[in-house]
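Chemist: Have a look at this one.
The values are calculated or read from the model by the stated rules, or taken from the named source; none is laboratory data. As the structure is a prediction and not an experimental result, all values here were calculated from the model. As a convention, Cβ positions derive from the backbone with ideal geometry for all residues, glycine included, and neighbour counts pool all protein chains shown. Just the protein is used for accessible areas: all its heavy atoms, side chains included, with ligands, DNA and RNA removed. Shrake-Rupley method; radii C 1.70, N 1.55, O 1.52, S 1.80 Å.
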Amino acid sequence: MSEWWTYRLEDFLLFSPRVYWRMFELANAAFWPLHLLTLAAGLAIVLLVLLQPRRQGLWIALALAALFAFVGWSLLWSRYAVINWAIAYVAPAFGLQALLLVFGAARGGLAFDRRDLAGRFGLLIAVVGLVVYPLLPPLFGRPWANAEVFGIAPDPTAIATIGVLLAASGRLVPLLLAIPLLWLLLSGLTLHAMGDPQAWLPFLAAGATVAALTLRRIAR
């Protein structure tokens, strides 16, 4: 029997890259054209943050909560957990994120009003999750059918949510950032174990978030 330290990360994979990307292809086929609605919701969220209308925090948080809950159920629980049993323990975290967003908005502890450098950088990160992520498949030699779309797939949903939260103020913001950040680390490790060149994107998004928070703390 091999010692545990002789194992590599890819030895713990329970699925092949083909099965992984096929999961997104099947989800896209099942939910189309819902993608148009989720993308429109994401763009509306960014627009609301920019315009800062009254009570925008409540509607932004409710929209993000609904999308997190949907992704956690429709993709993580119903599809990803089928090929990776460990995801059954991760999917409820997306439901918890949805509850925290609703709680923060309902208690008035969440306002999307930051206009510092980190806040503006956050909105740029959000646009990456919304616009850039669905365009990636051809760049990595994959068909459009397995594109990852905000509100349907977890990575762009987490990235866009992190970006919007960087433009928010309130006591719950650090807590609300934790679950999306942890997901990006897990996703990056999974892609790295598969040998997928896209692995650097979740890591880059997580690193950029930590850098933005560090700059904000230094600027205080």
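Chemist: Where the only charges are on Cβ atoms (+1 Lys, Arg; -1 Asp, Glu), what is the dipole of the chain about its Cα centre, to the nearest 20 debye?
Modeler: 820 debye
Chemist: Let me ask another. Any idea what angle helix 87-106 forms with the longest principal axis of the chain, computed on alpha-carbon atoms, 0 to 90 degrees, nearest 10?
Modeler: 0 degrees
Chemist: What are the chymotrypsin sites (Phe, Trp or Tyr not before Pro) within region 79-166 that DSSP puts in a loop, where the Cβ has at most 10 other Cβ atoms within 10 Å?
Modeler: Qualifying residues, ordered by number: Trp85.
Chemist: Classify region 67-194 as rounded, prolate or oblate, taking a ≥ b ≥ c as the square roots of the eigenvalues of its Cα gyration tensor: rounded when a/c is under 1.5, otherwise prolate if a/b is larger than b/c and oblate if not.
Modeler: Judged from the Cα gyration tensor, region 67-194 comes out oblate (a/c at least 1.5, b/c at or above a/b).
Chemist: On to the next question. Could you pull the accessible area for Arg216 with a 1.4 Å probe, rounded to 10 Å²?
Modeler: 20 Å²
Chemist: Ignoring any ligand, DNA or RNA, what whole percent of the accessible area of region 21-116 comes from carbon and sulfur when the probe is 1.4 angstrom?
Modeler: Of all accessible area on region 21-116, carbon and sulfur atoms account for 71 percent.
Chemist: Could you order Arg120, Arg115 so the one with the most accessible surface comes first? Probe is 1.4 Å.
Modeler: Ranked list, largest accessible area first: Arg120, Arg115.
Chemist: Using only Cα atoms, find the angle between the long axis of helix 17-31 and the longest principal axis of the chain, and express it within 0 to 90 degrees, rounded to the nearest 10.
Modeler: Roughly 50 degrees between the two axes.
Chemist: Hey, another quick one. Below 8 Å between Cα atoms, with a sequence gap of 6+, how large is the relative contact order for the chain in percent?
Modeler: With pairs under 8 Å counted, the relative contact order is 24 percent.
Chemist: Sticking with this structure for a sec: As a test of reading the structure, rank Arg171, Arg22 by solvent-accessible area (1.4 Å probe, protein chains only), most first.
Modeler: Order by accessible area, largest first: Arg171, Arg22.
Chemist: On to the next question. Could you sort Leu181, Leu213, Leu37, Leu136 by their accessible area in this structure, using a 1.4 Å probe and putting the largest first?
Modeler: So the residues, ranked largest to smallest area, are Leu37, Leu213, Leu181, Leu136.
Chemist: Quick one: what does P(r) look like for the chain with 5 Å bins over all Cα pairs, in whole %?
Modeler: Spelled out bin by bin, the chain gives 1, 7, 15, 20, 20, 16, 10, 7, 3, 1, 0, 0, 0 percent.
Chemist: Angle between the Cα long axis of helix 56-71 and the longest principal axis of the chain, 0 to 90 degrees, nearest 10?
Modeler: Helix 56-71 sits roughly 10 degrees off the main axis of the chain.
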